[in-house]
Every structure is written in structure tokens, then in C-alpha cells.
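Colleague: Before I ask anything, here is the structure I am working with.
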Amino acid sequence: MFRITQYLRLLARAAREGDFPPPATPRGPAGDDRPAARPGPVVIWNLIRRCNLTCQHCYALSADHDYAGELRTDEVFTVMDDLRAFRVPVLILSGGEPLLRPDLFPIAERAVALGFYTGLSTNGTLIDAPVAARIAATGFDYVGISLDGLRATHDRFRRLDGAFDRSLAATRHLRARGVKVGLRYTLTASNAEDFPALLDLMRDEGAQKFYFSHLNYAGRGNIHRGKDARFAATRQALDLLFDRAWDAARRGLDEEYVSGNNDADGPWLLHWLQRREPTLYARHGAALRQRLQAWGGNASGDLVANIDNLGEVHPDTMWWHHALGNVRQRPFSAIWSDTSDPLMAGLKQHPRPVGGRCAACAHLAICGGNTRVRAQQISGDAWAEDPGCYLDDTEIGLDGSNPRTVLTTPFRSRRTVPVVVEAGAGA
């Protein structure tokens, strides 16, 4: 996840006060110079696969029926204890539609009691006033609700008439009870024209967060990748998103803007700043780059993890076709620490063993090689260049003599080549 607001607030402060603080150095628990123990990953947990919707871009290929073999409540609690001991800071409870799981609230209550930052990822259609009251009483830190366009567009994406009205009502019920609510939007060629209006809707409704997701090639999102927004539309949308976040940062508004599934957004922020605020870029561009390098871009398999409804562990939610192990057989902490899987070894390696344009990119230290699953779904090679990178050769420091070698093609079927990392990778 790229925390746009975090960087723009620092820039707004630098514009007022003249200084841009360097990245913080992690400290030990006593505040001394020893590095703090490294936290575990943020865990996105698909507790249930069943969903009342069949969205066009669903990575889980969910449908409205039960799926056999899902983790029992006691098994979930055992895994949570291991996650806490492994210093996992954040649990995002997701699905399918997590509100269809009968024990969701006991699970969430235990997560809150154990000290996790606890989020809920939902389509919102099942949240009426009583459900909103229970969500508030449970103590969720954040609820993200998906809106992929205005009424007609959203209902078409979600394949349910009335879905937009029900999801929007959910945000109002939650806001009325003091729950932090965010809107989640995935850009495609089919809904790009609704994006400006959704930003306005976010502000009008008082939602505190906007999550802008690029289409990633998993599940139905992979099948429908032919409708992915082309690069010009992506750049235009990001400029608008950065403009809105910059306006909020300068005005001190309680609004948070983030993006995900395309770590080229970090380098693009530098290009945006150079165009929009050239004086500020001249003064603080180098410091911003240092901050972005400290972020490091794509964190799949390292600082972001996924557990699916059956207990399989994946590098993130888009890697459901690549399982690392099952929490019924091995603790999550053991699975996540194991780099004998070549994909995990490469994902944990810094820099990652990427090829093509990514290997020669001047911004590799910022984006981390971007999204590996897109490369693998298109080319069969997890370490090929990311076909979703929307920066041109000049913008990544190349002379343009080596054109893109990986191009997005319509979905046919997955083809893969073995994941190979040189010995010692990930150590």
C-alpha cells in the first residue's frame, strides 16, 4: 500500500516550515540505538469465501454458496495467538463477504482484545443500522467499503441492482456511530469516468479514507484484464488523486488517500511533484526520494501476507494460485519465515531479482520491482518486468532503445515457468 497522504503531509509541512524530516531510524524498546525487533507482516485474512455478490474483478472468484473445509473458530483463534506472538500488527478481516461468517464478531472481538489493529473489508450491502451498531461496539479500527463507480456503474460491476444504494447507506450508518470508514475503488477502463465523482462523494459523505486500487491480475480480475485502464488513463487518474490529496494536506483536512497494486505510484509522485510544484521539488525532492526508498515499494511476501479461507498462506491476496503452506499443518510464523520456496526467497530479497525494464529502472529502490503477480500472469515468469508499469522509458531513466518486452494480452489460460532464485537469495 502506498500512503500518499503521509508523504504529502510532510511536503505541506516542509512548505510551511522549511524542513523535510529524514526517515526515522527504528529504535529499541528502551529508546536506545539498538534496532527494534522487526514486526511481522500485515495479514489480510479471507475468513470466508462465500459472498452475496459476484463482482467482475473478484480475486477470490467468490459466489453465493458455502465452501467446504474452511477454518473453524477454534482454529482461527489458535492461528491468531501465533500471529500475535510473531508480532503481526494488523489483521484485515475479509472474504468473500466476511459478514456472512456467523462467528465474525467473536473473531473480531478476540483480535481487538489481543491488540491487533483490526480492519473489516466488506462490500457493505449487509450493513444496516443494527449491524453498524455491532461493528462499532466490537471496536473495529477501520471499515473499508467498496464503491467502484456511481450507481449504474457500481451495480453493473457488482452484478446486483441496488448494491450502490445499500453500500452508501452502510457508510452513513457507520459514520453516524463514529466508525472510521473508507471507500475502496478499483480503476478499469469501464469505470474510469466515474472516478472524479467518487472523490467528490467521499468528501461529501465524510468518509475519512479513499483507497485507490489498480487492477491486479488474479481471479476475475485476471480474466477481465483486457478491461484494465490504459497507461494514459492511469496517469490522469493518479494526477487527480494526488491533486486531491495535496489539497487535503495543505488544508489540514482529516482525509487519507492511499493506493495499491501498482508501486509505480511512488516514482509517479516524484514526477507529479516536479510538474505541479517545481520549487518545492527543487528544495525537497531529494528528501522525498529518500523517504520513498525507505518505504521500498511492493511488500508482498515480506511485510504483507494472506491467509485464505482454507488456511493456505499466500504471499498476498493476488497469489491464491501459489500456496506456501497451511496453518493446520504448520504455524503461520514457521511458514512465513521459510525461504525454501523460491518465490518467497525472491520476494524477500532486496533488491528483488527482476528482469527487463524493471532491472534497469532508476526507481527500483522505490517500487521494489512493482507487482510480481502481474508479470507472472502475463509472461509466466514472476521476475519479468511488470506490464502494469505506466511510466515510459525516459521517466525511469532509460534511453528508449529497449521497448517493452512484456505486453498485456487478453486472458486465455495461465502459463508458468519455474521460479528460480540464485542460491543465497532472501538470506
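Colleague: Sticking to Cα atoms, compute the Rg of the range 126-255 to one decimal and its Dmax as the biggest Cα-Cα distance, whole number, in Å.
Modeller: In order Rg, Dmax, the Cα atoms of the range 126-255 give 15.3, 44 Å.
Colleague: Mind jotting down the three principal axis lengths of the range 139-213 based on Cα atoms? Whole angstrom, largest first.
Modeller: Taking max minus min along each principal axis of the Cα atoms, the range 139-213 gives 36, 22, 19 Å.
Colleague: For labels at Ala85 and Asp141 in the simple 7 Å Cα→Cβ model, what's the distance in nm?
Modeller: Computed distance between label sites Ala85 and Asp141 equals 2.2 nm.
Colleague: Right, another one. Ranked highest first by the average count of other Cβ atoms within 10 Å around their residues, in what order do 238-250, 267-279 fall? The partial results should precede the final answer.
Modeller: Details: 238-250: 19.2, 267-279: 17.1.
Ranked by mean Cβ neighbours within 10 Å, highest first: 238-250, 267-279.
Colleague: Using per-residue counts of other Cβ atoms within 10 Å, averaged over each peptide, order 332-341, 66-75, 117-126 from highest down.
Modeller: Details: 332-341: 17.4, 66-75: 12.7, 117-126: 22.7.
Most protected by this proxy first, the peptides run 117-126, 332-341, 66-75.
Colleague: In nm², what is the average projected area of the convex hull enclosing the Cα atoms of the range 291-401? Show your work: numbers first, answer last.
Modeller: Working: hull surface 29.4 nm².
Mean projected area of the Cα convex hull: 7.4 nm².
Colleague: Sorting check: for 187-198, 164-175, which peptide has the highest mean count of neighbouring beta carbons within 10 Å, and how do the rest follow?
Modeller: Values: 187-198: 18.0, 164-175: 20.1.
The most tightly packed comes first, giving 164-175, 187-198.
Bear in mind these aren't lab numbers, they're just calculated from the coordinates by the rules spelled out. Everything numeric here is computed off the predicted structure, so don't read it as measured data. All Cβ positions, glycine included, derive from the backbone under ideal geometry; neighbour counts span all protein chains shown.
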